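J.: Before I ask anything, here is the structure I am working with.
The values are calculated or read from the model by the stated rules, or taken from the named source; none is laboratory data. None of these values were measured; they are calculated from a predicted model. Because the Cβ atoms are built from the backbone with ideal geometry, glycine has one as well, and the counts that use them run over all protein chains shown. Please note that ligands, DNA and RNA were not included when accessible areas were found on the heavy atoms of the full protein model with its side chains. Shrake-Rupley method; radii C 1.70, N 1.55, O 1.52, S 1.80 Å.
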Amino acid sequence: MKSPTAQRLGVVPSVFAVEHLSHATFPEDDEWIALVRAPEGLTVVREIWPTASGDRWIGLYGGASPHSLDVPGMLAAIVGPLAEAAIPVFVASTFHGDLVLVPEPKVKEAVAVLEDAGHRVDTTYLRSADI
């Protein structure tokens with residue numbers, strides 16, 4: 001029996017960086033994908049060049065399985081198996097789905113873990129070096 005929280009995820013064709021700006025309330029540029037303001041500062045998710053150095057994150061987006069905000073367990077169904085596999089995540093949720101970022105070196109393992117958990121993952125946008 002298929003789990004009601006099984007989702008169709010797609011690898012996003014971008015590479016991301018997650019930054020913390022401790023004294024900012026808004027980034028100086030408009031090159032960001034997501035912003036979260038908290039008492040300790042601003043967290044910025046931005047797209048970076050595929051050749052950029054530093055921590056690089058690959059996005060898995062659940063927009064192919066849109067759901068209402070009142071459906072419980074949708075995000076937990078994704079991050080739970082990743083946590084059990086000791087794969088770090090950073091999440092930015094939208095009205096229709098969740099963008100789950102995983103460290104680039106862990107993306108192949110993350111896809112396998114999610115597929116083992118019953119999700120379908122479209123890896124069309126993974127670079128050949130990642131799979």
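J.: Of the listed values (1) 1.32; (2) 1.07; (3) 1.13, grab the one calculated as Cα Rg over 2.2 N^0.38 Å from the structure here.
T.: So the structure-derived entry is (2).
J.: Which residue fluctuates the most in the chain, going by a Gaussian network model with Cα springs under 10 Å, if the choices are G59, G97, G73?
T.: Among G59, G97, G73, the largest GNM mean-square fluctuation belongs to G73.
J.: Dipole magnitude of region 4-53 about its Cα centre, charges +1 at Lys/Arg Cβ and -1 at Asp/Glu Cβ only, in debye to the nearest 20?
T.: Details: 3 positive and 7 negative charges, 66 e Å.
So the dipole magnitude of region 4-53 works out to roughly 320 debye.
J.: Another question about this same structure. If amide H atoms are built 1.01 Å from N in the plane of the peptide, which residues on other chains or at least 5 residues away come under 5 Å of the amide H of L60?
T.: Those lying under 5 Å, H to H, from L60 are V12, V100, L101, V102.
J.: Over region 65-107, what is the relative contact order in percent, taking alpha-carbon pairs closer than 8 angstrom and at least six residues apart?
T.: 38 percent
J.: Report the relative contact order of region 1-93, percent, no decimals, based on alpha-carbon pairs under 8 angstrom and at least 6 residues apart.
T.: Working: 113 pairs, mean separation 32.5, N = 93.
Computed value for region 1-93: 35 percent relative contact order.
J.: Using only Cα atoms and rounding to the nearest 10 degrees, what angle (0 to 90) does helix 107-116 make with the longest principal axis of the chain?
T.: So the helix axis and the longest Cα principal axis differ by about 30 degrees.
J.: Moving on to the next point. Would you mind counting up the charge near V79? Only other residues with Cβ under 14 Å from its Cβ, with Lys and Arg at +1 and Asp and Glu at -1.
T.: -1
J.: When the accessible area of the chain is split by element with a 1.4 Å probe, what percent falls to carbon and sulfur? Spell out each step's value before the answer.
T.: On the way: 4450 of 7830 Å².
Summing carbon and sulfur atoms, their accessible area is 57 percent of the total for the chain.
J.: Just going by the charge dipole of the chain, with Lys and Arg at +1 and Asp and Glu at -1 on Cβ, which of G54, P103, V44 is farthest out on the positive end?
T.: About the Cα centre, the residue reaching furthest to the positive side is P103.
J.: Here's something else I'd like to know. What value, in deg cm²/dmol to 500, does the helix sum -39500 (n - 2.57) over DSSP H runs of n ≥ 4 give at 222 nm once divided by the residues of the chain?
T.: Calculated at 222 nm, the ellipticity per residue is -5000 deg cm²/dmol.
J.: Nearest-5 percent of antiparallel DSSP beta bridges in the chain?
T.: Details: 26 of 29 bridges.
Of the beta bridges lying entirely in the chain, close to 90 percent run antiparallel.
J.: If the elastic network links every pair of Cα atoms under 10 Å, which of E84, E28, E104 fluctuates the most in the Gaussian network model of the chain?
T.: The residue with the greatest mean-square fluctuation here is E28.
J.: Can you tell me the accessible area per residue over region 7-79, all protein chains present, probe 1.4 angstrom, in square angstrom? Show your work: numbers first, answer last.
T.: Numbers: 4350 Å² over 73 residues.
Dividing the accessible area of region 7-79 by its residue count gives 60 Å².
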